[in-house]
Amino acid sequence: MKYKPGLLLCALAVLCGAMPLFAQSDLDQRVGKEMDSLVATYKHLHENPELSTQEKESSALIAAELHKLGYDLTDHFGQYDSPGLVSYGIIGVLRNGPGPTVYVRTDMDALPIVENTGLPYASHVKVKRADGAEVGVMHACGHDIHMSVFIGTARMLAQLKNQWSGTLILIGQPAEEMVGGAGALLRAGLFTKFPKPDYVLALHDTAELPAGQVSWHEGTILAGADSVDIIVRGIGGHGAAPQVSKDPILIASEIVVALQTIVSREMDPQVPTVVTVGSFHAGTKHNIIPDEAHLQLTVRTMNPQQREKVLSAITRIANGIAAAAGVPADRAPLIEIAKDSVPATINNPELTRRVAGALERGLGKENVVPGKAQMASEDFSLYALQDPKPPICMFQLGAADPAKWLTAKQNGTHLPGPHSPEFAPVPEPTIRTGVKAMTSAVLELLKK
Ligand SMILES: [Zn+2]
Ligand SMILES: [Zn+2]
């Protein structure tokens, strides 16, 4: 055969192009070998959910896995605000030569929800709350998917040590649902007792995407959440003598209506904002004007400046309406912003683009789609605010049955998602995709 330079170049290009594919099919095969065990772990975790701050068995399971794989392990890490609570935080460190330090975080807690999926591995767990009431417990946010993916990723990166260099730190975080867990780990010195982070990664499952796909979004991906309590103080009296009282029910009602103007008239329509009054309590009897009315609000914002603007508008409106009703200054509303507020989760754009590239290479471009911000909240945001203020990135992992997802899309409906008693991720493709995705992201950040 005659020498054809064009053909040789062509063959070289095919070979070079194929090299990442060889690496990829190696990862595929390795993940494939773990799937039976990971799905079994998932079903076990799903059947045995634990509420926030009570993640004793789940954290022990993760600790045992990481220990077996050779990670340096610290358990019971973390310090809650309330001294009586034990933190079940798990930190696993794998040192593998010079290079950056990547943190990967999973959450571990479940929700007080009675499961209604009818799955053979559905949870039947019930626990008594402090007030004596019995509640069902369910992994309705998919933190069991996250833990299974996390264990799979831990196995992959331990097996593939020859493909990366640096330090990998895996964190099992308790109490995400009550947004206390990240704070507990950081308060205990997560970034000072362990190597300083260069990057922090996490994923969250979603029913908005079919299993097999992931999505990414740079900038704000989850809103900041604030809980606000307003005690509207009036002057109580006889229901038949309004002229000698200041009715807090009427004042609070006007406040509820006027609060709606924050979103509709004061905020940039391009930036999502939510102000919801979720609770309004006042009074005891038909013919008594009470002394007080109590409002409870949730506020969702996309950045710190917007948050300040909304919170100060709430204060201004509540005080202004009370003053307009003639409430004396010493009876002005009491406004309290809860300490368990969480800021918006803002994905570092540069890191997110790098992770998105790795996801495309790991899963195929057709399985990686642009995502969008949601008004839900996460304490993952806090890792970006603690010194050395590392870049963070959370991406979303499709968990919906692909056939059901397609039907829902065609019908313009939605499948039950996180926090629904019917949320039912399909374990096998979801976990497989999650492990490949997170492993690919870490390998990109720690590549030799
Ligand atoms: Zn949740
Ligand atoms: Zn969650």
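The values are calculated or read from the model by the stated rules, or taken from the named source; none is laboratory data. Here the structure is a predicted model, which means the values were calculated and not measured. Cβ sites come from the backbone with ideal geometry, for glycine too, and all protein chains shown count toward neighbours. The area values use the complete protein model at the heavy-atom level, side chains included, leaving out ligands, DNA and RNA. Shrake-Rupley method; radii C 1.70, N 1.55, O 1.52, S 1.80 Å.
Annotation: amide H-H contacts under 5 Å for Q374 (H modelled 1.01 Å from N, sequence separation of 5 or more, or interchain): L222, A223.
Sequence-ordered 3J(HN,Hα) estimates for segment 307-313 from the Karplus curve with 6.51, -1.76 and 1.60 and θ = phi - 60° stand at 4, 4, 5, 5, 5, 6, 5 Hz, glycine and proline given as x.
Using R₀ = 45 Å, calculate the FRET efficiency as 1/(1 + (r/R₀)^6) where r is the Cβ-Cβ separation of R265 and D387; round to 0.05. Display every interim value, and only then the final one.
Working: r = 38 Å, r/R0 = 0.85.
Efficiency computed from Cβ-Cβ geometry: 0.70.
Here r is the Cβ-Cβ distance between H294 and K448 and R0 is 60 Å; the resulting FRET efficiency, rounded to 0.05, is 0.50.
Over all pairs of different C-alpha atoms, the chain has a mean inverse distance whose reciprocal, the Kirkwood radius, equals 24.1 Å.
Among K161/K436; K161/K193; K365/K436; K68/K448; K126/K404, which pairs are too far apart, with a Cα-Cα distance over 22 Å?
Details: K161/K436 15 Å; K161/K193 24 Å; K365/K436 14 Å; K68/K448 25 Å; K126/K404 30 Å.
In this structure, K161/K193; K68/K448; K126/K404 exceed 22 Å between Cα atoms.
Remark on D107: its backbone amide H falls under 5 Å from those of Q173, a criterion applied only to residues 5 or more positions apart or on other chains, H modelled at 1.01 Å from N.
May I ask you to compute the full-extension gain from E428 to K128, defined as 0.36 nm times their residue separation minus their alpha-carbon distance, rounded to one decimal in nm?
On the way: separation 300, 0.36 × 300 = 108.00 nm, distance 3.26 nm.
Result: 104.7 nm gained on full extension.
For segment 157-162, 3J(HN,Hα) computed residue by residue from phi via the Karplus equation (6.51, -1.76, 1.60; θ = phi - 60°) reads 6, 6, 6, 9, 4, 6 Hz, glycine and proline entered as x. Considering only N116, P290, I169, the residue lying farthest towards the positive end of the dipole of the chain is I169, judged by Cα position with unit charges set on Cβ.
Which order do the peptides 59-66, 410-417, 350-357, 36-43 take when ranked by the mean count of other beta-carbon atoms within 10 Å per residue, highest first? Spell out each step's value before the answer.
Values: 59-66: 20.2, 410-417: 12.1, 350-357: 18.6, 36-43: 17.1.
Put in order of decreasing packing, that is 59-66, 350-357, 36-43, 410-417.
On a 0 to 90 degree scale, rounded to 10, what angle separates helix 427-445 from the longest Cα axis of the chain? Helix 427-445 sits at roughly 80 degrees to that axis. What angle, in degrees between 0 and 90 and rounded to the nearest 10, separates the Cα long axis of helix 56-68 from the longest principal axis of the Cα atoms of the chain? With rounding to tens, the tilt is 20 degrees.
Amide H contacts for H139 (H built 1.01 Å from N in the peptide plane; partners 5 or more residues away or on another chain; cut-off under 5 Å): L111. Taking a quarter of the surface of the convex hull around the Cα atoms of segment 82-131, what do you get in nm²? Reported value for the Cα convex hull: 7.1 nm². Along its principal axes, segment 73-219 has C-alpha extents of 52, 42, 32 angstrom, given from the largest down. Dividing the Cα radius of gyration of segment 216-353 by 2.2 N^0.38 Å, with N the residue count, gives 1.25. Computed packing ranks the peptides 366-376, 234-244, 293-303 as 293-303, 366-376, 234-244, most packed first, by mean other Cβ atoms within 10 Å.
For A241 and A376, FRET efficiency with R0 = 35 Å and r from the beta-carbon atoms, rounded to 0.05?
Details: r = 47 Å, r/R0 = 1.34.
My answer for the efficiency is 0.15.
Rg ratio for segment 313-448: its Cα radius of gyration over 2.2 N^0.38 Å, N being its residue count, equals 1.54.
Taking the Cα centre of segment 165-244 as origin and assigning +1 to Lys and Arg Cβ atoms and -1 to Asp and Glu Cβ atoms, the resulting dipole is close to 400 debye. Each residue of segment 253-270 was assigned a 3J(HN,Hα) from its phi angle through the Karplus curve 6.51 cos²θ - 1.76 cosθ + 1.60 (θ = phi - 60°); the sequence is 4, 5, 5, 4, 5, 5, 4, 5, 6, 4, 5, 7, 10, 10, 9, 5, x, 7 Hz, with glycine and proline shown as x. Averaged per residue, the chain has 46 square angstrom of accessible surface, using a 1.4 angstrom probe with ligands and nucleic acids left out.
What order do you get for 189-198, 153-162, 394-403, 273-282 when each peptide is scored by the mean count of other beta carbon atoms within 10 Å, highest first? Don't skip to the end; give the middle numbers.
Numbers: 189-198: 17.1, 153-162: 19.0, 394-403: 22.3, 273-282: 15.5.
Highest mean packing first, the order is 394-403, 153-162, 189-198, 273-282.
Only protein atoms count toward the accessible area here, which uses a 1.4 Å probe; on segment 310-409, the carbon and sulfur part of that area reaches 57 percent. Each label point was placed 7 Å from the Cα along the Cα-to-Cβ direction; for S312 and K196 their separation is 3.4 nm. Label separation (R353 vs M35): 3.5 nm, computed from points 7 Å beyond Cα along the C-beta direction. Just checking the listed ones, E422, E208, E336: in the Gaussian network model of the chain with Cα springs under 10 Å, the one fluctuating most is E336. Every pair of different Cα atoms in segment 52-150 enters the Kirkwood calculation, which places the hydrodynamic radius at 15.5 Å.
Carbon and sulfur together cover what percent of the accessible area of segment 46-153 at a 1.4 Å probe radius?
Numbers: 2310 of 4480 Å².
With neighbouring chains kept in place, the figure for segment 46-153 is 51 percent.
Separation of segment 213-243 from segment 294-341 is 8 Å, based on Cα centroids. Using only alpha carbons, segment 408-448 has a radius of gyration to Kirkwood radius ratio (Rg to Rh) of 1.20. As a ratio to 2.2 N^0.38 Å, the alpha-carbon radius of gyration for segment 351-393 is 1.42.
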